[in-house]
Every structure is written in structure tokens, then in C-alpha cells.
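Report on the following structure.
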Amino acid sequence: MTSQEPGTERYSYTQNRELSWLRFNRRVLEEAGDETVPLLERLKFIAIFTSNLDEFFMVRVGNLFDLSLVSPREIDNKTGLTPSGQLEQIYSVIPGLIEIKNRLYDDVSALLRREGICDLTMDELTGEERKFVSACYKTKILPVLSPQIVDAHHPFPHLANKALYVAALLRGKKGAASLGLLPVPERLPAFLSMPGDSGRSIRMETVLHHYAPTLFGEFKVESACVLCVTRSAELSLDAELLEGEDIRSRMSKLLKKRASQSVVRLELSRKMGGEFMKLLKSRIRVESRQIYVDRSPLGMKHVFELIRTLPAERAAALSFPPYRPRWPADLDPKASVIDQVRRRDRLLFFPFDGVDPFLRMLDEAAERPDVLAIRITIYRLASSSRVAHILCKAAENGKEVTVLMELRARFDEANNISWSRLLEESGCKVIYGVEEYKCHSKICLITLRRGDRLSYVTQIGTGNYNEHTNEQYTDLSLMTADEQIGLDGTAFFQNMLVGNLEGTYRHLLVAPAGIKPRLLELIDREIAKGPEGRIRIKANSMTEREVMDKLAEASQAGVQVQLILRGICCLRPGIAARTENIHVTSIVGRFLEHGRIYCFGRGRDAVVYIASADLMTRNLNHRVEIACPVYDRQVREQLLWILHTQLEDNVKASSLLPDGSYCRKVNTLAPCNSQEVFMETSIHRPEPQTARPEGFRRLLGGLTGRRKNERKGERRK
């Protein structure tokens, strides 16, 4: 039995998270088919789709695979499916996605060829190019190759996760069949650019596939293909608890085990015969439904390097116009950022605003004599992090620097371990959060001495302190000198130092104890208003059952619910008598939508938060997350304009349909690409008329007039 009875009341308006995510990734892939997108950007979207799918198998499929073994009867609370039932549906969807990928790769490659950018086969090489490849092969490639025959004397080797191999069906002199494997060495370049024309290149696996028949001695190569395996990447820290060791030592050991975890997918570059497949499956324990034939590149990380090797003019002509993040118009670049934030809250909207104002503020804190301490949570850092270097400088300058470093940020574990050591060596106090709860919060607290009292500048964001992703993800960063928020920030770090997840806060919401109850309370507040109620939420994903049920209740009370969810949405809108007042918009564009805004109500009574948390079970129940109220009138207007503009998007936005599929919004009015609007119009202008449609002031209601009587304690004096 793989599921409960379908169509039961409990599942009437929800869908499986994995299938919802696959539909999101399909929309990423479909950007490669958008003829308005420049060709190299279309190629990037195929590469991003491929990378996304790799991670999906490593994490989500890996988790379900393990769950099907240890807890086979556990059911999904959105569909009633068991782990095996979910895997069955996932495996049935993947071939269709691969076929779309292959078709789009062929289409984009053909168009790129017209521009002189060619992914070559050996047969397409000119005479001079063939000589060049032959020389490279003999002098640089052949010496590092390690072809192997698999037999009684040569055991089947370990296949590394997502590494490429040329696999061959070999025939011996006596007619016996054997398997041959040729690893594609990581030390070799991913492709060879042809001399005199970097637009023409050949992938390394293509070269090795061509030369494979010469590499197995007296064995004849009857057929060959490129293959790679995907392994589960789920790490269970509990299984590695060792007496007397700290989490950093345990994580370092655990990372070594990731390489040998279960195979959850096998990819082949072409369909192979039954004899080959029998030999292969006897060595790799996979079911037939876990094997996929993909004639486009099995790994596409090389795409970004390939684009970098192109002549600048050629690459620019086939890419998005360059965009340089701006310095916010309401911040004086010549004045102290800390002093300006003390006068009024400031909002940065990445990547349209640059990260420099925050870095300038942090750098000021490292140097100013009135700054006593800097405390910060870190989930992901750039490999060359300006934030980390400023923190090191601050500690060396005698500031008290506390860093709550999350070592379990998936696929960034090794990077974070390295940074934690460097920060410690510079004098920072590094802590690692609470056992079993990842710290996903984004908060930086600067403590200053003003005479005989302390004051605070607090930064709270929706994205990581990573300068690289700040240029690629749409995120929000609030900088405030609100004393009450600063005191809550102080309490947060004190609680984290002693592992207290039940701390009390006056203004900040802190998961796992504080965000979901407040969200449910605010939804109830809108339910009480009936048709006058309004809820607008922007996040990446929604999976939390209790929140979805409460939103469905709001819909049934007549509340208008507008959700902007980029990825997973397990709540199906438009179901009669259940979710008919819920509308879900998803935007996939040039930048990755990543910010989180919670907005309840209208006008002056609206309650607005920015948050690190998506509306997912893991975020609200099993992570340390922070949501921060927004009290400043101007910042609230900026956030409401962002929400309004994205709801007006009819170019890159899709609507979620009742059956769980998506359709592009109908463009009946003038086109509105929200990300282009944000590139052209700053949120920091008092009146960005070119982007605000008629009636926007009416939408804001009473927010345009500052409240004369603020509640005591809501704002600093």
C-alpha cells in the first residue's frame, strides 16, 4: 500500500512538495525556451535546471530513499503518500523533464552555432583542430588517464558523486564480455577551446569517448557511453555523536562519509544494449526506474567557465545587459552609515541596491571607538568573504566579536569549517548554535556606548552574508537603530549562547517557538474581518500544513490571500469552497527571487515583517529563524510597493492552477517585468511614478501619513 484513499477531505486542497518543486524546476528550464532571453542566458538556465535537479536527487530523493527503508509506512501529510509512493511519482516525472531539456539544449545549441559558438563532436573538427586535440591528448591527457577493466582481479571501483566516466562493453579474445571504466579526471579542463577561436570547443568526455577503443589493451570496445551516478547527500549528525568531540570535529568526519552514500540515480549519455546494462546493474545497485538516458551534457558546470572564455564583445551581445547595483539614493555615501541609520531605518533591496552600504556600516563598526561589540549569525559565506575579513579586523581591533556559525549549511559545510577556524584565530568568539536546530537566522547586532548607556544598530535580512549571491538573489536587508529591536537582538544572542530556544522577545519573532504562533494569530485577525481582510506573503516555498489549513480557513471567510511563492507551494488555490480566495504567483526571472515579506491587513493597520523563514515545516518548526517587524513608514511603503509590483508582473510571473500546474499570466495590459522595473526604478525615490500604477496611493491607504501616536515601545524616541 503506497497511499491512503485519494480524494479525502484532508488532501482536497494540498499537493506533494516534491512534485511541486519539480514543477518549479520545469519553469526554470522553460526560461531556456523564451526567445526574448539572450542565447547565453538560455544556456545558463539549462545549466541551472541541471544543477537544481542534481541537488534534488542528492537531498530530497536521498532522504525519501532512506525513509522508505527505515520508516516505509510514514505518510506525507499533504497527499497521504508513503515514501515509496512519492518516489514512484518522482521517477515517473523525470523522463519528461529530461526530454524537454534535450530538446531545448538542441535548439539553443543550434542557435549558438549560428553565432560561432559550437559544442563540437570529433567528426566536426577541422584538420588543424584535430591535430590540436591529438597533440593535447598525447601530451596532457593520456598521461593522467586510468582506464580499468572490471573482472575478478580488478574490482569495481568507487564511483564518485556526479563525476563523469566513460563506460564500455568490452569483448575478450574468447568472447567473454567485460565492463571497462575510464574516469574523466577532475584535474583536466572540462573542455578544450580550439586555437584561434574560443567559440569552438569540445568537451573532455567527448574526447575520451573517442579515444576509449585504444585504451583497453587487447579488449575490443563494442559500445561505450558517458555515465555518472548521483549519491544521497543527506548527513545524519546524530549517528556521528562521539564523546568529547565538538560539532566542528564531528562535521569534518561526517563529510568524508558523504562520498560513499547510496546511489539514487544513474545517468547515461545514450541508450545501451541489454548485455552492457546487465553488467552495469550487477555492479551498481539501482532499479531500472532510477536509470535515465540524457543525450545533452550530464554535467553543465562547464557552461559558466565556457562563457568566461568567450571574447567579451561576443559574450556581451548574447547575454543580459550588465547591471551594476546602485548606492541607495537616500543614503549619503560620504557620511557615516551608522549615523544615518540612527536617524531613520534604512532598507537595502538586493541585487538592485548594492551590498556596500551594509559592508561600510560593518567596517565602520570595526573601526569606531564607541563600538563595543559585533554579533552576527552566518549560514553561508562567499569563498572570498569581505564580511569575514571585516569581522577578523574588528576582533583584532579589540572589539568583542561573536559569530554564530552554522556548520550544517548543506554543501557549504567545508567552507564554513574553514572560515570558523580563521575567525577563531583572529580572536572572534565562534559558537555553533543549538543541537538538532540549524540556525538560519540573518541578524547582525552592533553595540555602541553613548555616554553612560548602550545603544544598538541592528541589521536583519532575508538572505545570507554572501557578496556573490547578493548580486544574484533578490533579498532584503533592514538596518535599524530601534532600541527595542536592539534589546531583542541582545536577548537572542544571549539565548543562543546557552542553547535556549524558548526565549521571550517583545518585537522579534524567533522560530521554532515564535514565528508560527504569531502567523496563525495574524491570520485569525484577518479572518475576523471577513471579506475586508487581506493577506499578502512573499516567500520561497510553503509546505507547513498548519499554516496552509489556516490560510484555507481565511479564504473560506472571504479574506483575499495573495501569495508570491517562487518554488514549492503545497497549497492548491482556487478549490471551490476551500481556497477560492487564494491566488498564488510565482516569478522566475533573471535573478533568483529569495526575499520574504509577511503582510497582514490594509493601510495603517497593516502588520509587516521581513523574515529569514519560508513557510515550511523545517523553517518554522526545526530551525532558528527570525522575523522582524517593520515600523518605519517609508520602509513599509517600499515593501508594499515591492509586493504590488510583483503582483502586477505579467511577463515572468505564472499563476498556480487548482490542479497544481502553472500557466503564464495573461498579458492583457502593458507588459510588466517586475525585476526590470526594480532595475529601472529605485525603491528609495520618493515617488517612482514610472513604476507605480495609478491608484497606488489608494492601495497604501493610511500608510502615507505617519501615525501621530505610536504605541509606546514600538519605535525609538
Worksheet entry | Condition check for Asp370: touching a residue at least 40 places away in the same chain (Cβ under 8 Å), surrounded by fewer than 17 Cβ atoms within 10 Å (Cβ to Cβ) and not assigned by TED's automatic domain parsing to the domain that holds Arg453 | no
Worksheet entry | Ala382 of a type in the set (A, V, I, L, M, F, W, C), out of contact with any Ser or Thr (no Cβ under 9 Å at 6 or more places or on another chain) and surrounded by fewer than 19 Cβ atoms within 10 Å (Cβ to Cβ) | no
Worksheet, complete the sentence: By residue number, the members of segment 31-47 that are surrounded by fewer than 19 Cβ atoms within 10 Å (Cβ to Cβ), free of Cβ contacts under 8 Å to residues at least 40 places away in the same chain and either part of a helix (DSSP H, G or I) or among the polar types (S, T, N, Q) (or both) are Thr36
Worksheet item: Given (1) out of contact with any helix residue (DSSP H, G or I) (no Cβ under 7 Å at 6 or more places or on another chain); (2) without any contact (Cβ under 8 Å) to a residue 40 or more places away in the chain; (3) surrounded by fewer than 21 Cβ atoms within 10 Å (Cβ to Cβ), where does Ala395 come up short, assuming only one miss?
Response: (3)
Discussion item. So, in segment 60-70, exactly how many residues are within 8 Å of Ser232 (Cβ to Cβ) and surrounded by fewer than 20 Cβ atoms within 10 Å (Cβ to Cβ)?
Written reply: 2
Fill in: Scope segment 90-133; condition surrounded by 15 or more Cβ atoms within 10 Å (Cβ to Cβ) and among the hydroxyl-bearing types (Ser, Thr, Tyr); matching residues
Tyr91, Tyr105, Ser109
Worksheet item: Tally time: how many residues in segment 573-628 are part of a loop (DSSP other than H, G, I, E, B) and under 18 Å from the mean Cα position of the chain (by Cα)?
Response: 11
Fill in: Residue list for segment 411-450, filter: free of Cβ contacts under 8 Å to residues at least 60 places away in the same chain and in contact with a Gly (Cβ under 9 Å, 6 or more places away or on another chain)
Gly427
Practice prompt. List every residue pair whose Cβ atoms sit under 7 Å apart, with the two residues 6 or more apart in sequence or on different chains, where the first one lies in segment 137-162 and is in contact (Cβ under 8 Å) with a residue 12 or more places away in the chain and the second, anywhere, is aromatic (Phe, Trp, Tyr).
Written response: Tyr137/Tyr211; Pro147/Phe216; Ile149/Phe216; Ile149/Phe219; Val150/Phe156; Leu159/Tyr165
Fill in: Candidate set from segment 148-185 (those that are of a type in the set (Val, Ile, Thr) and touching a helix residue (DSSP H, G or I) at 6+ places or on another chain (Cβ under 8 Å)); member that is nearest to Ala233 (Cα to Cα)
Val184
Discussion item. Any residue at all in segment 518-529 that's touching a residue at least 60 places away in the same chain (Cβ under 8 Å), out of contact with any helix residue (DSSP H, G or I) (no Cβ under 8 Å at 6 or more places or on another chain), in the same structural domain as Leu348 (by TED's automatic domain parsing) and surrounded by fewer than 24 Cβ atoms within 10 Å (Cβ to Cβ)?
Written reply: no
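Rundown of residues vs (1) more than 22 Å from Ile642 (Cβ to Cβ); (2) touching a residue at least 24 places away in the same chain (Cβ under 8 Å), yes/no style:
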residue	(1), (2)
Asn464	no, yes
Tyr473	no, yes
Asp482	no, yes
Gly489	yes, yes
Phe492	yes, yes
Val498	yes, no
Gly503	yes, no
Discussion item. Of everything in segment 71-81, what is under 23 Å from Arg231 (Cβ atoms) and surrounded by 21 or more Cβ atoms within 10 Å (Cβ to Cβ)? Give them in sequence order.
Written reply: none
Discussion item. Regarding segment 305-327, can at least one residue be identified that is over 24 Å from the mean Cα position of the chain (by Cα), part of a loop (DSSP other than H, G, I, E, B) and among the acidic types (Asp, Glu)?
Written reply: no
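Is at least one residue of segment 587-599 farther than 27 Å from Ala409 by Cα and assigned by TED's automatic domain parsing to the domain that holds Ile683?
Of the residues in segment 587-599, the ones farther than 27 Å from Ala409 by Cα are 599.
Okay, now just the ones that are also assigned by TED's automatic domain parsing to the domain that holds Ile683, so 599.
Yes, some residue in segment 587-599 is farther than 27 Å from Ala409 by Cα and assigned by TED's automatic domain parsing to the domain that holds Ile683.
Checking the conditions here, which among Gly503, Gly499 is on the phi > 0 side of the Ramachandran plot, in a loop (DSSP other than H, G, I, E, B), of a type outside the set (Phe, Trp, Tyr) and more than 18 Å from the chain's Cα centre (by Cα)?
Working: Gly503 fails: on the phi > 0 side of the Ramachandran plot.
From the options Gly503, Gly499, the qualifying one is Gly499.
Among the listed residues Val184, Val144, Val150, Val166, which satisfies the condition of being of a type in the set (Val, Ile, Thr) and touching a His at 6+ places or on another chain (Cβ under 7 Å)? Steps first, answer last, please.
On the way: Val184 fails: touching a His at 6+ places or on another chain (Cβ under 7 Å); Val144 fails: touching a His at 6+ places or on another chain (Cβ under 7 Å); Val150 fails: touching a His at 6+ places or on another chain (Cβ under 7 Å).
Going through Val184, Val144, Val150, Val166 in turn, just one is of a type in the set (Val, Ile, Thr) and touching a His at 6+ places or on another chain (Cβ under 7 Å): Val166.
Conditions tested, residue by residue: (1) modelled with pLDDT of 95 or more; (2) of a type in the set (A, V, I, L, M, F, W, C).
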residue	(1), (2)
Val403	yes, yes
Glu413	no, no
Val430	no, yes
Tyr437	no, no
Cys444	yes, yes
Asp452	no, no
Asn466	no, no
Leu478	yes, yes
Worksheet entry | Lone unmet requirement of (1) at pLDDT 95 or above; (2) of a type in the set (A, V, I, L, M); (3) in a loop (DSSP other than H, G, I, E, B) for Leu407 | (1)
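The values are calculated or read from the model by the stated rules, or taken from the named source; none is laboratory data. Because the structure is a prediction, the values reported are computed rather than measured. In this analysis, Cβ positions are derived from the backbone assuming ideal geometry, glycine residues included, and neighbour counts consider all displayed protein chains.
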